[in-house]
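Accompanying notes for the structure given below.
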Amino acid sequence: MLQFQPPGFVQRVLSTPLGVLAYYTHPHSAAGEDNRPPLVFLHSLGGGSSAFEWSRVYAAFGQSHRVIAPDLIGWGLSAHPVRNYQVDDYFQVITHLIEALAAPPAPVIATSLTAGVIIRLATQRPDLFQRLFLVSPAGNGDFGRDYRASLPALLASTPGVDILLYRLGAANELAVRGFLSTFLFANPRRITEDMVQAYLTCTQQPNAQYAALASLNGTISFDLSRYIGQLTVPTHILLGEKSRFTPPAITRRLASLNPQAVKAVIEISDAGVLPHLERPEAVTAYLQDHL
């Protein structure tokens with residue numbers, strides 16, 4: 001099994017209502033109470049996603065913060081219950097995680113569709129969050145877009161075709177390399193072998209297709225523009241200049257709906273949808289300056 005954690009980090013587990021959740025943290029080295037402030041990192045919800053996505057950033061905060069970087073239920077090395085995943089499932093698991101481990105309110109860092117879920121959760125439970133750092137937050141149905149009518153969503157909703165689509169389009173090395181180079185990275189030369197193996201390992205976990213297909217078929221899509229205006233938690237938004245999944249113009253349009261809560265929109269040059277994996281030094285520097 002591939003080890004996902006950077007040097008000094010360990011994998012621990014947390015029981016949740018939906019199953020066992022694996023998370024990564026840096027143990028407190030000094031005797032006595034751990035007074036480091038919490039810092040939660042949440043990965044995106046695309047095929048092969050896991051806490052590995054943030055590992056090149058959270059590694060820099062192991063000494064100064066009580067890092068909590070989970071594989072969400074249905075992803076990575078956490079439990080993969082067979083279910084039709086819904087937005088409420090992520091509300092439940094993330095709430096449980098923060099209340100159990102992060103002594104809320106906590107700063108939370110999240111990506112893409114997960115970042116959109118966090119915005120919605122923060123409108124319901126602002127007490128959980130001290131501050132948000134969100135990379136290209138999206139609901140996949142933003143500004144009235146009917147994502148479920150798209151060809152990928154329709155194929156991923158067709159019984160039989162959905163499993164074949166996952167096996168051919170995600171759960172093999174050729175598909176993973178193509179996904180990373182075509183959709184996630186602005187510069188494919190930055191893709192390393194450990195990235196490929198991390199994503200491949202996660203796509204091949206038993207029952208991994210259920211969470212991934214729920215993202216692809218639109219089950220957990222929503223119109224984030226309907227919710228972001230209700231956000232009150234101070235929020236910083238980062239985006240990759242060459243993001244393909246959520247174009248920078250859409251991210252900026254969403255941010256403009258709530259200038260009171262959104263304190264900054266920062267564009268990371270020469271980066272795709274995952275600037276924290278492609279250009280971790282830029283994202284790390286921003287977080288160190290603003291945490």
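The values are calculated or read from the model by the stated rules, or taken from the named source; none is laboratory data. For clarity, every value in this text was computed on a predicted model and none was experimentally measured. Reconstructed Cβ throughout: ideal geometry from the backbone, glycine too, with neighbour counts over all protein chains shown.
Kindly check whether there is at least one residue in segment 251-272 that is touching a Gly at 6+ places or on another chain (Cβ under 8 Å) and assigned to a helix (DSSP H, G or I). No - not one qualifying residue is present in segment 251-272. Residues that are part of a loop (DSSP other than H, G, I, E, B) and either more than 20 Å from Leu291 (Cβ to Cβ) or among the small types (Gly, Ala, Ser) (or both) within segment 231-250 comprise Glu241, Lys242, Ser243, Arg244, Phe245, Thr246, Pro247, listed in sequence order.
Is there a residue in segment 88-100 that is in contact with a Gly (Cβ under 9 Å, 6 or more places away or on another chain), under 27 Å from Ala285 (Cβ atoms) and in contact (Cβ under 8 Å) with a residue 24 or more places away in the chain? No, the conditions are met nowhere in segment 88-100. Taking the criterion of being over 18 Å from Ile250 (Cβ atoms) and free of Cβ contacts under 8 Å to residues at least 60 places away in the same chain, the residues of segment 120-148 that qualify are Leu121, Gln124, Arg125, Asp127, Leu128. Kindly indicate whether any position in segment 122-133 is among the aromatic types (Phe, Trp, Tyr) and touching a strand residue (DSSP E or B) at 6+ places or on another chain (Cβ under 6 Å). Within segment 122-133 (the criterion being among the aromatic types (Phe, Trp, Tyr) and touching a strand residue (DSSP E or B) at 6+ places or on another chain (Cβ under 6 Å)), the answer is yes, since at least one residue qualifies. Assess whether Ala208 counts as being in contact with an Asp or Glu (Cβ under 9 Å, 6 or more places away or on another chain) and either modelled with pLDDT of 95 or more or of a type outside the set (D, E, K, R) (or both). Criteria not met by Ala208.
Ala115 - would you say it is crowded, with 21+ Cβ neighbours inside 10 Å, more than 17 Å from Trp75 (Cβ to Cβ) and not aromatic (Phe, Trp, Tyr)? No, not satisfied. Apart from one condition, Gln86 fits all of (1) polar (S, T, N, Q); (2) more than 30 Å from Arg177 (Cα to Cα); (3) out of contact with any Lys or Arg (no Cβ under 9 Å at 6 or more places or on another chain); the exception is (2).
Scanning segment 94-103 for residues that are farther than 14 Å from Phe41 by Cα and touching a strand residue (DSSP E or B) at 6+ places or on another chain (Cβ under 7 Å), which turns out surrounded by the fewest Cβ atoms within 10 Å (Cβ to Cβ)? Filtering first and then ranking leaves Ala103. The number of residues in segment 37-69 that are under 16 Å from Gly8 (Cα atoms) and part of a loop (DSSP other than H, G, I, E, B) comes to 4. I'd like to check something: does segment 74-89 contain any residue that is surrounded by fewer than 21 Cβ atoms within 10 Å (Cβ to Cβ), touching a helix residue (DSSP H, G or I) at 6+ places or on another chain (Cβ under 9 Å), in a helix (DSSP H, G or I) and modelled with pLDDT of 95 or more? Yes, there is a match, as at least one residue in segment 74-89 is surrounded by fewer than 21 Cβ atoms within 10 Å (Cβ to Cβ), touching a helix residue (DSSP H, G or I) at 6+ places or on another chain (Cβ under 9 Å), in a helix (DSSP H, G or I) and modelled with pLDDT of 95 or more. All conditions but one from (1) surrounded by fewer than 19 Cβ atoms within 10 Å (Cβ to Cβ); (2) on the phi < 0 side of the Ramachandran plot apply to Gly144; the one that does not is (2). Looking only at residues in segment 46-67 that are touching a Ser or Thr at 6+ places or on another chain (Cβ under 6 Å) and modelled with pLDDT of 95 or more, the one that is farthest from Gly19 (Cα to Cα) is Ala60.
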